[in-house]
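Input: a single structure, listed below in structure tokens.
The values are calculated or read from the model by the stated rules, or taken from the named source; none is laboratory data. Quick caveat, the model's predicted, so the values are computed rather than measured. Every residue, glycine as well, gets a Cβ built from its backbone with ideal geometry; the counts of neighbours run over all protein chains shown. For accessibility, only protein heavy atoms count, side chains too; no ligands or nucleic acids. Shrake-Rupley method; radii C 1.70, N 1.55, O 1.52, S 1.80 Å.
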Amino acid sequence: MQSIATDPLTTGQTAVRVTNLAKAYGDHVVLRDVSLEVAPGTVTALIGPSGAGKSTLLRCMNLLERPDRGQIEICSHRIDASKAISAKALAPLRRSAGMVFQHFNLFPHMTVLRNISLPQQRILGRSREEADTKSMELLARMGLADKAKQYPSRCSGGQQQRIAIARALALGPEVMLFDEPTSALDPEVGVEVLEVMKELAADGMTMIVVTHEMGFAENVSDTLVVMADGGIIEQGDPQRIMRDPQHERTRRFLRAVLER
Amino acid sequence: MNTIFQDILDYGPALLGGLRISLALTGLSLLFGTILALVFALGITSRNKAFRWTSTFFVEIGRGAPALVLLQLMYYGLPNADITLSSFTSATLALTWTASAYMAEYIRGGLAAVPGGEIEGAQALGMSQQDTLRYVTIPQGIRIALPALMGFAVLLFQATSLAYSVAVPELMSQAYSAGSSSFNYLSLFIIAGAIYAAISIPATWLSVGVEKHLAKHL
Amino acid sequence: MELLKAIALGLPMTLLVTAVALGIGSIVALPLLAGLRSGKTAVRFLTRAIIDLLRGIPPVVWLFLLFYGISAGSFRLSAFGAGVIGLGVVAGAYLTEIFRGALGGIKAGQWEASEALGLDRFTMWSKVIGPQGLRVAIPGFTTYAIGLLKDSSIVSTIGVAEIVYLTQQSARTSGQGITVYFIAAAVYIMLSMPIGMLSRNLDIKMRKAVAR
Ligand SMILES: Nc1ncnc2c1ncn2[C@@H]1O[C@H](COP(=O)(O)OP(=O)(O)OP(=O)(O)O)[C@@H](O)[C@H]1O
Ligand SMILES: [Mg+2]
């Protein structure tokens with residue numbers, strides 16, 4: 001199988017660097033000076049209890065959420081949150097970070113093919129033919145070529161999520177951000193999506209994945225990051241953390257998750 | 001009953017001629033109204049003050065004043081400012097105003113109801129604000145507003161009957177003049193009513209059907 | 001100022017026509033609502049046909065039909081009578097839909113609980129379903145009432161001396177058509193505001209009463 005991912009970054013050793021990121025909703029502090037580095041071609045799993053700030057961190061990385069302070073650097077595109085952010089600086093950052101949501105967020109009024117092709121035409125300036133060719137290639141890889149002319153509402157959740165992944169990949173991102181991509185799916189359907197993600201990882205895509213799938217976190221990720229109360233409390237080798245968590249909060253969280 | 005059939009034979013062509021004008025009035029004010037409505041819908045939520053105020057001005061008057069007032073304003077009022085329009089033109093202008101104001105509200109509601117996730121999806125892909133609006137928010141918002149817009153189109157068709165008061169020779173005024181020459185208003189208004197109903201009722205069913213269809217597929 | 005006075009003279013008539021038509025409409029809506037909820041298919045079908053017909057024909061046609069079309073011997077409806085009856089029955093059809101929608105918004109559990117408790121139909125409607133349905137219906141009812149306030153202007157076409165009728169007169173006599181029609185528009189807009197406010201207050205009160 002040909003590599004889906006674009007070449008890992010050759011310059012520098014970090015694909016993503018977040019420095020002292022802070023975010024509050026009114027008085028409610030959601031991220032307290034979070035710093036994180038992700039090496040190119042690695043998979044980072046982000047776990048932690050509900051409300052820990054995992055989604056917020058991920059959404060701040062491509063500025064769907066505006067952080068109050070801190071720096072974000074994705075593949076040499078750098079943004080300082082305490083300064084004004086121009087649309088011009090935002091575009092390349094978002095282009096290099098693909099995002100996959102819990103609820104897919106496909107465009108319901110467009111066919112599957114248009115969902116994947118339109119962003120390529122508008123953002124990369126590809127012609128419709130070029131874009132459609134690329135889209136069909138990705139759909140075929142996802143095993144969904146026959147769905148091209150359908151509307152998303154006619155596809156199962158697992159299929160919709162794979163379409164959403166294809167839509168993000170079509171723009172050639174250097175990093176993929178996943179926010180609980182399988183949480184809205186039945187377990188047997190979630191497997192289809194996890195398989196696609198595993199292949200993507202094997203191809204060397206840099207990935208940050210917020211997940212409750214402990215199997216994925218333990219076996220697929222290279223780094224495990226545990227968040228609680230708006231901060232990172234522990235990070236490192238997944239197997240080691242699972243076996244021997246250092247932090248009391250991690251222990252409690254793992255116990256609660258594994259009991260389910 | 002016999003008089004009704006006789007009246008249909010005698011005045012049918014005149015009434016149908018009137019209907020054609022009613023439909024033309026509906027079609028034109030829907031066409032111009034939709035375009036303006038989209039502009040106003042974006043206008044009332046715009047950050048540009050001048051744009052917001054003018055949009056709000058037209059929408060508030062268009063919705064707040066009876067269609068009859070706007071019709072007469074255009075036909076009896078404007079000549080005082082040395083603007084004299086034909087009755088058909090003034091009726092088209094007035095009904096366009098009313099239509100654009102109501103439809104602007106429906107469209108604004110539709111735009112606001114577009115799920116945030118879809119807009120975020122577009123943003124996360126890196127689509128510009130204009131592109132997000134053009135390819136995601138507006139088509140989706142109009143789709144959501146469509147049943148209400150179709151329902152309104154039926155009301156607008158009915159409202160063209162008010163253009164009778166500014167001398168547009170549409171269905172209602174044809175019925176009235178036929179009635180005054182046949183001395184049987186009852187039968188002519190029954191025929192006119194039946195014509196209005198024959199268009200309005202199926203059109204309403206259609207809008208309900210579209211609503212159900214869209215509810216299933218979104 | 002003179003112009004405003006001339007127009008304002010029509011205000012009581014506009015309000016009267018609106019209120020009477022709304023009253024007629026509310027009364028007409030009840031049997032129609034019952035008809036729509038009837039167990040007999042034929043009754044439901046007939047009711048639906050009546051509602052569709054009432055709504056499918058423009059109010060102006062109903063008014064003309066009643067005013068010019070109905071006469072028995074020397075009897076004719078007055079312009080006011082034809083106006084409020086015409087607007088009233090059409091309102092009845094629209095209000096039926098609003099009430100029906102409100103009843104649909106009441107959770108199935110409320111009907112089931114009433115039945116399980118063995119409440120008689122009167123208690124169920126007056127204490128359980130009615131108050132909840134009324135609250136849900138208020139926004140739709142108010143919107144319709146504001147719409148009717150504007151539609152009441154149609155009675156000017158058969159000669160009832162309300163706002164638009166007097167506006168038209170002073171437009172003709174004063175030669176200041178634009179001004180008078182804008183004044184009339186402003187009067188309607190200002191009239192709609194308190195009705196909207198009243199409904200919001202009522203809504204808050206009812207919400208409290210129901211929430212208890
Ligand atoms: N738009 C918002 N306004 C106010 N508070 C918010 C907003 N979004 C998130 N929060 C709060 O921020 C905190 C972190 O939310 P976040 O969604 O990042 O948590 P999470 O770790 O992703 O949790 P979960 O596992 O439930 O998805 C929560 O307490 C949440 O209530
Ligand atoms: Mg989350």
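Selection over the stretch A:11-49 of residues that are small (Gly, Ala, Ser) and either crowded, with 23+ Cβ neighbours inside 10 Å or within 11 Å of ligand 2 (Cβ to nearest atom) (or both) gives a count of 3. Checked against (1) under 17 Å from residue B:98 (Cα atoms); (2) at the interface with another protein chain (Cβ under 7 Å from one of its Cβ atoms); (3) open to solvent by 50 Å² or more (accessible area, probe 1.4 Å), residue C:143 passes all but a single condition, namely (2). Restricting attention to the stretch B:98-126, the residues being of a type in the set (Gly, Ala, Ser), surrounded by fewer than 20 Cβ atoms within 10 Å (Cβ to Cβ) and either under 30 Å from residue B:30 (Cα atoms) or touching a residue at least 24 places away in the same chain (Cβ under 8 Å) (or both) number 4.
Of all residues in the stretch B:159-171, those satisfying the criterion of being part of a helix (DSSP H, G or I), of a type outside the set (A, V, I, L, M) and open to solvent by less than 10 Å² (accessible area, probe 1.4 Å) are B:160, B:161.
Of the residues making up the stretch B:59-115, those that are within 11 Å of chain C (Cβ to nearest Cβ) and small (Gly, Ala, Ser) are B:62, B:64, B:65, B:67, B:77, B:81, B:94.
Being open to solvent by 50 Å² or more (accessible area, probe 1.4 Å), away from chain B (no Cβ under 14 Å) and among the aromatic types (Phe, Trp, Tyr): is that true of residue C:75 here? No, not satisfied.
Looking only at residues of the stretch A:73-85 that are away from chain B (no Cβ under 14 Å) and either within 16 Å of ligand 1 (Cβ to nearest atom) or in contact (Cβ under 8 Å) with a residue 12 or more places away in the chain (or both), we find that the one that is least open to solvent (accessible area, probe 1.4 Å) is A:81. In the stretch A:173-183, the residue that is most open to solvent (accessible area, probe 1.4 Å) out of those that are within 13 Å of ligand 1 (Cβ to nearest atom) and outside any loop (DSSP other than H, G, I, E, B) is A:179. So residue B:123 passes all but one of these: (1) within 17 Å of the chain's Cα centre (by Cα); (2) within 14 Å of chain A (Cβ to nearest Cβ). Which condition number does it fail? Every condition holds for residue B:123 apart from (1). Taken over the stretch C:78-113, the residue count meeting the criterion of being more than 23 Å from residue C:153 (Cβ to Cβ), assigned to a loop (DSSP other than H, G, I, E, B) and either in contact with a helix residue (DSSP H, G or I) (Cβ under 8 Å, 6 or more places away or on another chain) or not basic (Lys, Arg) (or both) is 2. Residue A:113 fulfils the conditions (1) open to solvent by 60 Å² or more (accessible area, probe 1.4 Å); (2) outside any loop (DSSP other than H, G, I, E, B) except for a single criterion, (1).
Among the residues making up the stretch B:140-153, a single one is at the interface with chain A (Cβ under 9 Å from one of its Cβ atoms) and within 20 Å of the chain's Cα centre (by Cα): B:143. When residues in the stretch B:170-203 are screened for being of a type outside the set (S, T, N, Q), more than 7 Å from chain C (Cβ to nearest Cβ) and in contact with a Ser or Thr (Cβ under 8 Å, 6 or more places away or on another chain), 3 of them pass. Can you find a residue in the stretch A:50-65 that is among the small types (Gly, Ala, Ser), more than 14 Å from chain B (Cβ to nearest Cβ), within 16 Å of ligand 2 (Cβ to nearest atom) and open to solvent by 50 Å² or more (accessible area, probe 1.4 Å)? Checked the stretch A:50-65: at least one residue is among the small types (Gly, Ala, Ser), more than 14 Å from chain B (Cβ to nearest Cβ), within 16 Å of ligand 2 (Cβ to nearest atom) and open to solvent by 50 Å² or more (accessible area, probe 1.4 Å). Looking only at the stretch B:204-218, residues that are open to solvent by 40 Å² or more (accessible area, probe 1.4 Å) and more than 9 Å from chain C (Cβ to nearest Cβ) come to 9 in all.
Filtered by the rule that a residue be open to solvent by 30 Å² or more (accessible area, probe 1.4 Å) and within 16 Å of ligand 2 (Cβ to nearest atom), the stretch A:222-243 gives A:229, A:232.
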